[in-house]
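The values are calculated or read from the model by the stated rules, or taken from the named source; none is laboratory data. What you see is a predicted model; the values in this text were computed from it and never measured. Here the Cβ positions follow ideal geometry from the backbone for every residue, glycine too, while neighbour counts run over all protein chains shown.
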Amino acid sequence: MEIFNQIINNKCIWLPIMLWFVIQTFKVITELVRNKKFNVRRILGAGGMPSSHSAIVCSVAVCVGKEYGFNTGMFALAVIMAFIVMYDAAGIRRAAGKQARILNKILETPGLTTVEVQEKLIEALGHTPVQVFVGALVGIIAGIII
């Protein structure tokens, strides 16, 4: 039971989870206002403003720094992991989303291919650098405040 209490009281766990939930809910509300459609898939979906991935890893890094010290290996690990996640979001996953968009257009163009597709590829996989930056900023601010 002590381990469970330690996990529940660990800010470095619940802060990023709460932050993820708030950001994803914000994305659902934004889409509802913008498109007049309730899209529950936005809760678990990738992409959009701000990057919840960036916010999560940056809040963890700040939380770890505050908890263990900004000159520790734990903080260094958290920062390096944050950079990897943000690079992936703005680089690799964004490129995969662009490729999905192009492939979907090719498959929708009559006469270009004989491939029959059951469903479209997901296009909103990554983030723009601005979305990653704003997500990182949100995560850092949340980590400082909490």
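Details
- Exactly one residue among ALA78, ALA55 is farther than 14 Å from PRO129 by Cβ, out of contact with any Pro (no Cβ under 9 Å at 6 or more places or on another chain) and not aromatic (Phe, Trp, Tyr), and that residue is ALA78.
- Every pair of residues 6+ apart whose Cβ atoms lie under 8 Å, when the first sits in segment 1-24 and is under 11 Å from ILE56 (Cβ atoms) while the second is part of a loop (DSSP other than H, G, I, E, B) and β-branched (Val, Ile, Thr): LEU15/ILE146
- Of everything in segment 124-146 that is crowded, with 17+ Cβ neighbours inside 10 Å and modelled with pLDDT under 75, the residue that is farthest from VAL60 (Cα to Cα) is LEU125.
- Which listed residue, of ILE23, ILE7, is touching a Pro at 6+ places or on another chain (Cβ under 8 Å) and in a helix (DSSP H, G or I): ILE23
- ALA55 falls short on exactly one of the conditions (1) aliphatic (A, V, I, L, M); (2) more than 16 Å from ILE17 (Cβ to Cβ); (3) at pLDDT 95 or above, and that condition is (2).
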